[in-house]
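Here is the structure we will look at, set down as structure tokens.
Every number in this text was worked out from the coordinates using simple rules, so none of it is lab data. All values derive from a computational prediction rather than experimental measurement. All Cβ positions, even for glycine, are placed from backbone atoms using ideal geometry, and neighbour counts span all protein chains on display.
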Amino acid sequence: MKRNVMSVFVSVCVVFVLAGLITMQFADAGAVSHEGTATVKAIELDKNIVKLAHGPIASLKWPAMVMNFKVKDHALMQGIKVGDSVTFTFIQSNGDYMVTHIQPDK
Ligand SMILES: [Cu+2]
């Protein structure tokens, strides 16, 4: 009998751990990428910012707008200049929107 109680307890623990892992996976999936096209309006790498006039972002139901994005890595901006038409990918990170990929349209 005692053994049964113990095995139930262990099973419950396993379920909780699994639920925790699954929740963490969803939290990770929360850092989902969004893709859009834009025109580069300003690049301020000293502030780690790129200002983009982006088109609608369907995955966020965003209309077209001009806004600032953080830049994940300054190296991303190599070869990108103001006025360029770009395709870019971004994530939401601590309340900021951060560009993770950006490339000029050919
Ligand atoms: Cu926007």
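Inside segment 72-90, can you point out the residues that are within 15 Å of the ligand (Cβ to nearest atom) and of a type in the set (A, V, I, L, M)?
Val86 - this is the single residue of segment 72-90 that is within 15 Å of the ligand (Cβ to nearest atom) and of a type in the set (A, V, I, L, M).
To keep it simple, each residue is scored yes or no on (1) within 20 Å of Val32 (Cα to Cα); (2) surrounded by fewer than 11 Cβ atoms within 10 Å (Cβ to Cβ); (3) touching a residue at least 12 places away in the same chain (Cβ under 8 Å).
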residue: Leu52; (1), (2), (3): yes, no, yes
residue: Ile57; (1), (2), (3): yes, no, yes
residue: Pro63; (1), (2), (3): yes, yes, no
residue: Val66; (1), (2), (3): no, no, yes
residue: Phe69; (1), (2), (3): yes, no, yes
residue: Ile80; (1), (2), (3): no, no, yes
residue: Gln92; (1), (2), (3): yes, no, yes
residue: Asp96; (1), (2), (3): yes, no, yes
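Mind listing whichever residues of segment 57-71 are part of a loop (DSSP other than H, G, I, E, B) and near the ligand (Cβ under 9 Å from one of its atoms)?
Filtering segment 57-71 for residues part of a loop (DSSP other than H, G, I, E, B) gives 61, 63-64.
The answer is Pro63, Ala64.
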